[in-house]
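The values are calculated or read from the model by the stated rules, or taken from the named source; none is laboratory data. Predicted, not measured: the structure shown is a model, and the values here were computed from it. Note that each Cβ is placed from the backbone with ideal geometry, even for glycine, and that neighbours are counted across all protein chains shown.
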Amino acid sequence: MGDIRRVPRVDDALLSARGVETGYGDLQVLHGVDLDVRRDEIVVVFGPNGAGKSTLLRAIYRLLPLWAGSVTVDGTDVSTVETADLVDYGVGYVPQTANVFPNLSVSENLDVGGAPVADSSRRRADLYALFPRLAERSNQRASTLSGGERQMLAMARALMTDPDVLLVDEPSAGLAPQLVERAFDHVQRVREGGTAVLMVEQNVRAALGIADRGYVLDVGENRFEGPAADLLASDAVRDLYLGARED
């Protein structure tokens, strides 16, 4: 197995972060983080609580200012692009919480997500085909959906603009154990629909089971990087972040 401590540059990356530093107020959380996502990949970021995983997604999506470093999408530097304009560069984002409008119907939520789209009805039909359960629930208020259905809606709403890469923060958070597998199935469907995925996830074994590559953050720095299978097989990663090996 290769050196998973090394964080190599990916030459054909769609999304790249280089030397990212940011934080909250006077508290610095990220200390020069590097990351790449190829056009056809699912990439997972994991690590201990407080490592800066969700902070990294917020920095990439410009919800936090970059103190240092850069973010590029398809070779274009978007480090100073405002959040509202990132849709023009093919970036979507699904936050962990407050990711749907509970008082709106499924269809209305998708329409809000598709506001920048010229033909939102066609895009909505495409997403109903990708997520048939949403088509069945199209007239229901989001507040009446199950946790798994709500997470599906959040992803579909972010996909209304047909992004090239989707940032997803903790897709299985708060879900009952029997729904976790379904949440990761949704992530796989997103990739199968032509959108790369960068996700933060605490359910590491399940996430690595569908991911192509992973990055481990620790105290705001890159600790390990490698193919998902290598990370799962690594004694160091297992002992520090995955717990005992399952028989």
Some residue of region 45-64 being of a type in the set (Lys, Arg), touching a residue at least 60 places away in the same chain (Cβ under 8 Å) and out of contact with any Lys or Arg (no Cβ under 7 Å at 6 or more places or on another chain)
yes
In the set 189, 182, the lone residue that is of a type in the set (D, E, K, R), modelled with pLDDT under 85, outside the structural domain of residue 150 (by TED's automatic domain parsing) and surrounded by 15 or more Cβ atoms within 10 Å (Cβ to Cβ) is 182
Somewhere in region 220-241, is a residue surrounded by fewer than 18 Cβ atoms within 10 Å (Cβ to Cβ) and part of a loop (DSSP other than H, G, I, E, B)?
no
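Table: residues versus (1) more than 30 Å from residue 34 (Cβ to Cβ); (2) at pLDDT 90 or above; (3) aliphatic (A, V, I, L, M).
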site: 83; (1), (2), (3): no, yes, no
site: 87; (1), (2), (3): no, yes, yes
site: 97; (1), (2), (3): no, no, no
site: 102; (1), (2), (3): yes, yes, no
site: 106; (1), (2), (3): yes, yes, yes
site: 119; (1), (2), (3): yes, no, no
Only one of these conditions is not met by residue 131: (1) farther than 21 Å from residue 184 by Cα; (2) at pLDDT below 95; (3) surrounded by 17 or more Cβ atoms within 10 Å (Cβ to Cβ); (4) touching a helix residue (DSSP H, G or I) at 6+ places or on another chain (Cβ under 6 Å). Which number is it?
(1)
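The rows are residues; the columns are (1) charged (D, E, K, R); (2) under 22 Å from residue 52 (Cα atoms).
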| residue | (1), (2) |
| --- | --- |
| 132 | no, no |
| 152 | no, no |
| 172 | no, yes |
| 196 | no, yes |
| 216 | no, yes |
| 223 | yes, yes |
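Per-residue answers, yes or no, for (1) surrounded by 16 or more Cβ atoms within 10 Å (Cβ to Cβ); (2) within 21 Å of residue 178 (Cβ to Cβ); (3) without any contact (Cβ under 8 Å) to a residue 24 or more places away in the chain:
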| site | (1), (2), (3) |
| --- | --- |
| 127 | yes, no, no |
| 138 | no, no, no |
| 153 | yes, yes, no |
| 157 | yes, no, no |
Could you grab me the full set of residues in region 143-152 that are under 23 Å from residue 199 (Cα atoms) and assigned to a helix (DSSP H, G or I)?
147, 148, 149, 150, 151, 152
Here are the criteria: (1) touching a residue at least 40 places away in the same chain (Cβ under 8 Å); (2) under 23 Å from residue 73 (Cβ atoms). Tell me which single one residue 237 does not satisfy.
(2)
Residues in region 79-103 that are within 20 Å of residue 194 (Cβ to Cβ) and in a loop (DSSP other than H, G, I, E, B): how many?
1
Filtered residues of region 96-113 (kept if out of contact with any helix residue (DSSP H, G or I) (no Cβ under 8 Å at 6 or more places or on another chain) and either surrounded by 17 or more Cβ atoms within 10 Å (Cβ to Cβ) or among the acidic types (Asp, Glu) (or both)):
108
Which residue is farthest from the chain's Cα centre (by Cα), if the candidates are limited to region 32-53 and must be surrounded by fewer than 17 Cβ atoms within 10 Å (Cβ to Cβ) and either over 16 Å from residue 166 (Cβ atoms) or not basic (Lys, Arg) (or both)?
32
